[in-house]
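A.B. asks: Below: one structure in structure tokens.
Values in this text are rule-based calculations from the coordinates and carry no lab data. No experiment lies behind these values; they were computed from the predicted model shown.
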Amino acid sequence: MITLHPSGKVAVTNTKDIKEAQEILGEIKKIINLAYKDYLRLGKPSKREIQAAREISWMKIYNHLPKINCGKCGFQVCSAFAVSVLQGDARLSQCEPLSDPKYHRNLEALKKELGPFLLRMLGWKEKDDE
């Protein structure tokens, strides 16, 4: 269990030893630093983006996928992929067809609905992000 306190204190419990707790804290630090870099690069999220984050669902992700069940992402069907993306077990950029110009409208609609922060959180990487 991990608790982030408003004071900046981070509590990690239920670990097998101090080494595991330190590893977890190291991962949390990486996530926070990446979020801060995004904040500096993209600016403060808009009220619309914050609302989109509150309302995100696997169906919202699925509705913008190509829905061709190609399996290139590692999942048999796009719906399973969408659920996995929302749970953080897959990255949106694993959907190869989404980068295909044929599905440009899908990607643009997803970007418009979710905004850059949420899109990045779900694992979308633009070519200039790499």
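A.B. asks: Note down, for segment 9-71, the three equivalent ellipsoid semi-axes (square root of 5 times each alpha carbon gyration tensor eigenvalue), biggest first, whole angstrom. Before the final figure, lay out the partial values.
C.D. replies: On the way: eigenvalues 196, 81, 31 Å².
In descending order, the three semi-axes are 31, 20, 12 Å.
A.B. asks: Counting pairs of Cα atoms in the chain, how many percent are more than 18 Å apart? Before the final figure, lay out each step's value.
C.D. replies: On the way: 5091 of 8385 pairs.
Value for the chain: 61 percent of Cα pairs lie more than 18 Å apart.
A.B. asks: Helix 78-87 versus the longest principal axis of the chain: what is the Cα-based angle in degrees, 0 to 90, to the nearest 10?
C.D. replies: With both axes taken from Cα atoms, the answer is about 20 degrees.
A.B. asks: I'd like the distance separating the alpha-carbon centroids of segment 60-96 and segment 106-123, in whole Å.
C.D. replies: Segment 60-96 and segment 106-123 have Cα centres spaced 14 Å from each other.
A.B. asks: Helix 18-42 against the longest principal axis of the chain: what's the angle in degrees, Cα atoms only, rounded to the nearest 10?
C.D. replies: 50
A.B. asks: Please work out the Kirkwood hydrodynamic radius for segment 1-43, using every pair of different C-alpha atoms, and report it in angstroms with one decimal place. Numbers along the way, then the final one.
C.D. replies: On the way: mean 1/r = 0.0871 Å⁻¹.
One over the average 1/r among Cα pairs gives 11.5 Å for segment 1-43.
A.B. asks: Applying the Karplus parametrisation 6.51 cos²θ - 1.76 cosθ + 1.60 with θ = phi - 60° to the phi angles of segment 44-52, what ³J(HN,Hα) value in whole Hz is obtained for each residue in order, glycine and proline being reported as x?
C.D. replies: Those phi angles translate into 5, x, 6, 4, 5, 5, 5, 5, 4 Hz.
A.B. asks: Quick one: helix 104-121 against the long Cα principal axis of the chain, what's the angle to the nearest 10°, folded into 0 to 90?
C.D. replies: Long axis of 104-121 versus the principal axis of the chain: about 0 degrees.
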